[in-house]
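Engineer: Dumping the structure here so I can ask a few things about it.
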Amino acid sequence: MLLRKALSSYLSCWAVILYFWQLFAISPGGSTYVVRELLSWLTLISLYAVPVVFVYGTLVSLTLDFLLSKLALSRWFTLLLSAALHMLMGAVFGLFFQLVPLAIAGSLTALLYWGTDLLLKNTNWTRHRNKWLAVFLLLPVAAGIVLSTVYLR
């Protein structure tokens with residue numbers, strides 16, 4: 001279960017990093033910053049996003065999984081409640097600092113985390129573990145390369 005949560009965290013971290021990178025790295029005039037400044041943005045965003053998603057996201061997800069497993073609810077209601085609670089807990093930082101874009105990004109990251117975890121939980125991913133690991137490890141890298149080539153033209 002921890003490997004599944006780690007893979008969900010990894011993909012969610014990369015999604016947050018790439019989202020904020022493309023959000024902050026593009027100047028209002030449409031021109032791009034130099035590569036050195038793009039890398040500094042990636043580093044700055046990673047310093048905040050990775051610990052929050054890995055530590056806070058994993059603890060929240062484990063806690064919600066444990067608490068919801070104790071309730072006698074239908075499967076569909078449990079799934080919807082779990083998704084809603086993941087999104088609510090993902091929005092906590094943005095709501096605390098009264099930053100709506102951060103709350104939305106946190107909610108979407110939590111939804112991606114929940115969806116990835118649900119996908120891994122409901123598929124027989126241990127049978128094709130090497131293929132899943134390759135996809136999860138290479139997908140963010142490929143997305144970063146595509147974004148870099150698009151924005152650094």
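Engineer: Is it true that some residue in the stretch 65-84 is among the basic types (K, R) and modelled with pLDDT under 75?
Structural biologist: no
Engineer: Which numbered condition trips up T43, out of (1) hydroxyl-bearing (S, T, Y); (2) modelled with pLDDT of 75 or more; (3) surrounded by 14 or more Cβ atoms within 10 Å (Cβ to Cβ)?
Structural biologist: (3)
The values are calculated or read from the model by the stated rules, or taken from the named source; none is laboratory data. The structure displayed is predicted, hence computed values, not measured ones. So basically every Cβ, Gly included, is an ideal-geometry build from the backbone, and we count neighbours across all protein chains shown.
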